[in-house]
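First up is the structure itself, then whatever we jot down about it.
The values are calculated or read from the model by the stated rules, or taken from the named source; none is laboratory data. Quantities reported herein were computed from a predicted structural model and do not represent experimental measurements. Every residue, glycine among them, receives a Cβ derived from its backbone with ideal geometry; neighbour counts consider all protein chains shown.
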Amino acid sequence: MKAGYLTLIVFALAHFYPLQSQLTISKADFPKAGDSIYLATDNLPYALDLKRPGTNLDWDFSLLQSPFIQEIQMTRPSARQLPPVFAAATTLAQNDQLTHYYRETPTQLEWLGFSGTDPLNFGLKLHFSFQPPIPERHASLSYGDLRMHTTEAVAAFSADQLSSNILRQLPIRPDSLRIRVQIDRRSDIDAQGRVLLPDGVYYAALREKRLEQRLISLDAKLGTLPWQDITNLIPGNPVLGKTQNLSYHFFNSGSKEPIAEVWLDGSNKAIKVTYKADPSGATPLQNPGEKPNFTAFPNPAIATVRFAFEHLPPGNYELKIFNILVQEVFSETYMINGPQTVQVDISQLRKGTYLYSLSDDKGKSLGTKRLIVLRP
């Protein structure tokens with residue numbers, strides 16, 4: 001009798017007070033035309049504990065910092081906007097210099113491909129259409145899901161479209177070239193819990209562990225000969241060849257954007273985090289657009305300050321800090337290739353107002369801005 005009564009109590013507790021409710025991401029959580037997605041990026045994340053797979057986990061991302069907020073508008077494409085290869089797209093989004101095309105189905109949001117600047121920086125505007133499309137979101141998405149996807153995109157163009165400087169770097173003078181992008185993706189929903197963001201809010205989230213192998217190749221065609229892979233004949237290009245990328249994506253029921261996306265390097269150290277941002281927050285955030293930009297944050301600063309560089313042409317840049325007498329108190333040169341953030345120790349500086357400037361390797365100044373240093 002006692003054993004039966006105890007069993008009944010355990011059953012009731014399990015039914016009314018479950019240890020972990022099952023979180024499910026549905027089709028209603030897909031970003032759709034008309035939605036605006038707000039994201040911030042920390043290119044210098046500090047001490048993130050991603051934890052092992054499992055449930056009932058808490059991830060503390062509250063120390064992430066970013067001076068920028070990016071608004072991505074999901075729009076419904078018109079027939080005039082759509083290249084023929086993306087005729088099936090139901091939604092498009094512009095991000096930096098690329099336009100991404102998506103198609104919503106009853107079970108998934110498919111990434112059809114993208115248009116814009118070519119990945120090899122040849123200066124061309126190309127269309128990359130994935131065959132087959134690669135799913136970016138699934139409905140429904142639950143803890144324990146495992147999916148595998150393989151896709152390829154090919155963009156061909158005439159060699160006449162290339163500058164003479166680029167043609168001189170090629171081992172042959174082809175009639176046509178094509179860039180091939182192959183992706184093998186393993187998506188494992190390996191964890192469930194809560195994510196704490198800098199806005200102080202906990203978001204219930206599913207975590208997707210995404211392992212991708214990407215192969216970017218360059219083929220050449222001469223006359224009637226078949227396409228030839230010349231990837232290995234062009235040394236020094238960091239984009240060409242095979243790479244393996246590990247990232248974690250946190251999804252919340254009710255949020256169109258991912259709560260957080262974490263990219264790791266070869267030693268599994270977080271090197272970049274994009275996270276959900278609140279555009280109505282108390283601290284105004286700056287949108288850099290696509291113009292060259294650099295900024296200091298936090299500002300005012302106490303012991304350390306970060307400098308974020310956005311949309312700068314690849315090259316060497318000198319960062320300087322001056323006091324109000326225009327005396328140089330800090331100088332450092334950085335090689336910048338893409339969005340980058342550096343941290344500077346200012347603990348030796350006195351309280352007050354300073355100026356900071358950035359110049360390229362030709363000595364051309366990109367501007368001068370103000371930095372406030374506080375002391376406790």
Of the residues in the stretch 47-77 that are under 30 Å from Thr117 (Cα atoms) and in a strand (DSSP E or B), the one that is farthest from the chain's Cα centre (by Cα) is Thr75
Name every residue in the stretch 233-249 that is part of a loop (DSSP other than H, G, I, E, B), modelled with pLDDT of 90 or more and not aliphatic (A, V, I, L, M), in order of residue number.
none
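Which members of the stretch 22-46 meet the condition of being among the small types (Gly, Ala, Ser), in a loop (DSSP other than H, G, I, E, B) and out of contact with any strand residue (DSSP E or B) (no Cβ under 7 Å at 6 or more places or on another chain)? Spell out the reasoning first.
Restricting attention to the stretch 22-46, the residues satisfying the condition of being among the small types (Gly, Ala, Ser) are 26, 28, 33-34, 36, 40.
Add one more test, that the residue is in a loop (DSSP other than H, G, I, E, B), and what stays is 26, 33-34.
Correct list: Ser26 only.
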Being modelled with pLDDT under 95, under 30 Å from Arg52 (Cα atoms) and surrounded by 18 or more Cβ atoms within 10 Å (Cβ to Cβ): is that true of Leu141 here?
yes
Quick check: is even one residue across the stretch 272-287 hydroxyl-bearing (Ser, Thr, Tyr) and within 15 Å of the chain's Cα centre (by Cα)?
yes
Restricting the stretch 78-105 to residues that are under 14 Å from the mean Cα position of the chain (by Cα) and part of a loop (DSSP other than H, G, I, E, B), the residue that is surrounded by the fewest Cβ atoms within 10 Å (Cβ to Cβ)
Gln97
